[in-house]
Amino acid sequence: MKQRMIWMPALLLIAGFVPAVAQDEEEAETYVYASYFECDSTRLAEVDELMGKTAPIYDKAKTDGEIANWGWLRHHTGGKWRRLFYVVGSDANALMDTLDALGERTDEVEGADAFGEICGDHEDYVWRQAANSPVSAADEAGSFGVSQYYRCSFNGEGFADSIVESHFAEVFNAHVGEGKLVSWSWLAHQIGGEFRRLLAFRAASRADLLNTWGEIVGALSNEHGGALRAFSDICFAHEDYLWMSGS
């Protein structure tokens, strides 16, 4: 089977500069299916152009309600992943079915076969949004995102979720606003590789993002030092990525 332009045959790693999605307790949960791609660095402009041709297919799927959101992100700082594709939905099973159907459509895009040549390796993850900032329809900007991928103790990760919700969320929310964060999300591993949790921040500019990130680290240390130490015992290592939106 040929590798489709944006569809992913294996379930491994996701990245996450994903938009927060507001949820009421009675609403369906939010899942993110994303693929991180390793690409030929000399041909990144080609793959971005190819994604521009594919974008209308995903835009229509969003308009038609097949998916809640999608995005194509460019590497700025971090490890080996150069590009990130993600899709958001309310049901993991349905999301996979929809992606399979959309993959059939993207196969027909002119030049689609070149995608696999340029970005030959990838890793995928399925995440469930476990906590997030209050958001509104206006929260669609956020050109820059930082993602922290955590390795955590399997037995303690539920407690780590509680720490984020009970202690960290108030600090994160206090740093959402003009000149600060657009939104934040805390995502839990469902399917994939070694990373068990993902913390994602979004901001309108790189300066807003990095300055606010520094303020958050300071506030957590000063106001929630005990909780931070307990969290670090559970989620003992992490990797950072800085992403930019757009194709």
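The values are calculated or read from the model by the stated rules, or taken from the named source; none is laboratory data. Note that the structure is predicted; figures quoted are calculated from it, not measured. Counting neighbours? That spans all protein chains shown, and the Cβs are built from the backbone with ideal geometry, glycine included. To get the accessible areas, we keep the full protein, side chains included, count just its heavy atoms, and leave off ligands, DNA and RNA. Shrake-Rupley method; radii C 1.70, N 1.55, O 1.52, S 1.80 Å.
Scanning the range 113-130 for residues that are open to solvent by less than 20 Å² (accessible area, probe 1.4 Å), of a type in the set (A, V, I, L, M, F, W, C) and over 17 Å from His75 (Cα atoms) yields a count of 2. Here Phe231, Phe172, Phe168 are screened, and the one residue that is more than 30 Å from Phe37 (Cα to Cα), of a type outside the set (Val, Ile, Thr) and assigned to a helix (DSSP H, G or I) is Phe168. Restricting attention to the range 195-205, report how many residues are modelled with pLDDT of 95 or more and open to solvent by 30 Å² or more (accessible area, probe 1.4 Å). Count: 1. Among the conditions (1) under 19 Å from the mean Cα position of the chain (by Cα); (2) crowded, with 16+ Cβ neighbours inside 10 Å; (3) within 24 Å of Ala230 (Cβ to Cβ), the only one that Asn173 does not satisfy is (2).
Of everything listed in (1) more than 30 Å from Ala227 (Cα to Cα); (2) modelled with pLDDT of 95 or more; (3) surrounded by fewer than 20 Cβ atoms within 10 Å (Cβ to Cβ), the single unmet condition for Ala137 is (2).
May I ask you to list pairs of residues, at least six apart or on different chains, whose Cβ atoms are under 7 Å apart, with the first in the range 214-226 being surrounded by 11 or more Cβ atoms within 10 Å (Cβ to Cβ) and the second being modelled with pLDDT of 95 or more and outside any helix (DSSP H, G or I)? Sorted first by the residue in the range 214-226, then by its partner, the pairs are Glu215/His175; Ile216/His175. Check the range 83-93 and report whether any residue there is in contact (Cβ under 8 Å) with a residue 12 or more places away in the chain, surrounded by 20 or more Cβ atoms within 10 Å (Cβ to Cβ), of a type outside the set (A, V, I, L, M) and over 22 Å from Glu38 (Cβ atoms). Scanning the range 83-93 turns up at least one residue that is in contact (Cβ under 8 Å) with a residue 12 or more places away in the chain, surrounded by 20 or more Cβ atoms within 10 Å (Cβ to Cβ), of a type outside the set (A, V, I, L, M) and over 22 Å from Glu38 (Cβ atoms).
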